Structures are given as structure tokens and as C-alpha cells.
């Protein structure tokens with residue numbers, strides 16, 4: 001399977017499927033591992049991570065829907081081209097049949113992937129879950145587990161989830177605050193989230209991923225505008 005992938009994280013996936021750990025192996029041309037050193041996430045790394053996590057979410061409710069496959073296929077075609085997308089989908093079909101150490105894979109992602117890229121992975125997984133118009137509880141459970149294993153805080157998870165699954169406090173959750181926050185705290189939270197979700201954070205992952213991040217950036221702005229309107233803030 002690693003030979004089909006042909007990207008930097010191919011060895012990570014191969015080791016995870018076979019129950020081995022690849023911690024300590026680097027993903028760029030310098031293979032010397034140094035604590036605290038995080039290589040820049042490349043498009044190929046991001047694609048492999050998407051593939052492994054896609055399989056986990058898709059089979060979490062014990063069924064794989066056409067809408068989910070179509071969502072994944074469309075994303076990969078847009079980001080990697082038709083030829084590579086076909087290879088990825090073949091790999092995905094094999095992963096859907098196999099058992100692998102999901103937690104170990106997530107820990108690899110946490111080790112080698114920057115925070116902005118990991119958050120973007122989370123957005124993608126919610127997209128799979130809602131591709132059929134309904135988020136199954138087991139899908140939400142596995143996405144939350146994946147987020148924790150990847151080192152994404154519960155506050156960040158709730159913020160991303162609120163962009164997809166709306167409730168009366170969604171705007172506040174997106175900004176990672178509560179309705180009890182003062183107007184000044186709302187303004188500070190917006191500035192913080194605007195920096196965190198700026199599309200430039202994931203520009204290295206490709207144009208389409210950056211475009212998708214831009215849509216989430218709009219969600220932050222919409223949440224802020226909604227709160228300002230409710231409060232009569234200027």
C-alpha cells in the first residue's frame with residue numbers, strides 16, 4: 001500500500017496498518033529526528049492523512065454510503081487531479097476493509113503536522129459526516145476521538161463542530177467564548193479566531209484546501225456579525 005501512495009507519509013501508513021510505530025522518523029529529506037522539530041506539512045502528507053481518517057469516519061456507523069465516497073472522490077480530484085485521485089480511492093477501498101491503529105496514526109499526525117493543518121483535517125471529516133445530510137452519532141464520536149488524539153483541544157473541536165452543526169449558541173462556540181462574555185471579550189475573541197482561521201495558514205496545502213479554509217474564515221466573520229447584531233455592538 002505504501003508503494004501505491006508514494007508520498008512522504010506512506011511509511012507511516014504502512015507501519016500503522018501493520019501495528020508498528022514510526023515515531024522518530026522524519027517526513028522531509030533530513031531524516032534525523034530532533035525533539036520539538038516539526039517539518040512543514042506538504043500536500044502529499046495531508047492527502048495521506050485524509051485517506052486514513054476518511055476510512056475511519058466512513059465505516060464508524062458500519063456502513064459506507066455513496067454520498068461519502070462521492071464527497072471524498074470530489075475532494076481528491078480537485079486537490080490532486082484525476083490520476084492521483086483514482087489511486088487514492090483504490091487505497092481507500094482497501095483501508096475500508098482493514099484494521100489499523102487509528103490512534104497511532106493520529107499521534108503521527110500530531111507529531112508531524114502543524115495545528116492549522118490538523119484543524120483543516122477536522123473540517124474535512126465533518127464534511128464527510130454530513131455528506132448525506134445527517135451526522136450519525138457514531139461518526140461524531142470518532143471525529144471527537146480523532147481530534148483528541150491529534151492534539152486538538154475540546155474548545156477548538158467545539159468551535160469547528162459549531163460551524164457544521166448549528167444550535168442557539170453556535171456563534172459563541174465558533175468564537176470559543178460563552179454568552180456571558182463581555183463585549184470587549186467578544187472583540188478580542190474575534191481577533192484571535194480571525195488569525196487562527198486565516199486561509200494563509202494552510203496555503204502550503206494547495207489552492208483548493210486554502211479555498212475551503214476561506215469558507216470557514218467566513219463562518220468566523222458571520223458569527224461575529226451575528227453576536228454584534230444581537231448585542232447592538234458597533
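The values are calculated or read from the model by the stated rules, or taken from the named source; none is laboratory data. A quick note: this is a predicted structure, and the numbers were derived from the prediction, not measured. In this analysis, Cβ positions are derived from the backbone assuming ideal geometry, glycine residues included, and neighbour counts consider all displayed protein chains.
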Problem set entry | Restricting the range 197-221 to residues that are surrounded by fewer than 16 Cβ atoms within 10 Å (Cβ to Cβ) and in contact (Cβ under 8 Å) with a residue 24 or more places away in the chain, the residue that is farthest from residue 154 (Cα to Cα) | 208
Problem set entry | Scan of the range 114-134 for residues that are part of a helix (DSSP H, G or I), more than 12 Å from residue 201 (Cα to Cα) and touching a residue at least 60 places away in the same chain (Cβ under 8 Å), ordered by number | 121, 123, 124, 125, 128, 129
For this session: Pick out, from the range 153-229, the helices (runs of 4 or more DSSP H) lying fully within it that include 3 or more residues that are under 27 Å from residue 133 (Cβ atoms) and out of contact with any helix residue (DSSP H, G or I) (no Cβ under 6 Å at 6 or more places or on another chain).
Result: 154-164
For this session: Pick out the one residue from 22, 85, 116 that is more than 15 Å from the chain's Cα centre (by Cα) and either at pLDDT 85 or above or surrounded by fewer than 15 Cβ atoms within 10 Å (Cβ to Cβ) (or both).
Result: 85
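Being over 14 Å from the mean Cα position of the chain (by Cα), in a helix (DSSP H, G or I) and under 13 Å from residue 48 (Cβ atoms): is that true of residue 111 here?
Working: over 14 Å from the mean Cα position of the chain (by Cα): yes; in a helix (DSSP H, G or I): yes; under 13 Å from residue 48 (Cβ atoms): no.
For residue 111, the condition - over 14 Å from the mean Cα position of the chain (by Cα), in a helix (DSSP H, G or I) and under 13 Å from residue 48 (Cβ atoms) - is not met.
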Exercise. In this structure, is residue 141 in a helix (DSSP H, G or I), over 9 Å from the mean Cα position of the chain (by Cα) and exposed (fewer than 15 other Cβ atoms within 10 Å of the Cβ)?
Worked result: yes
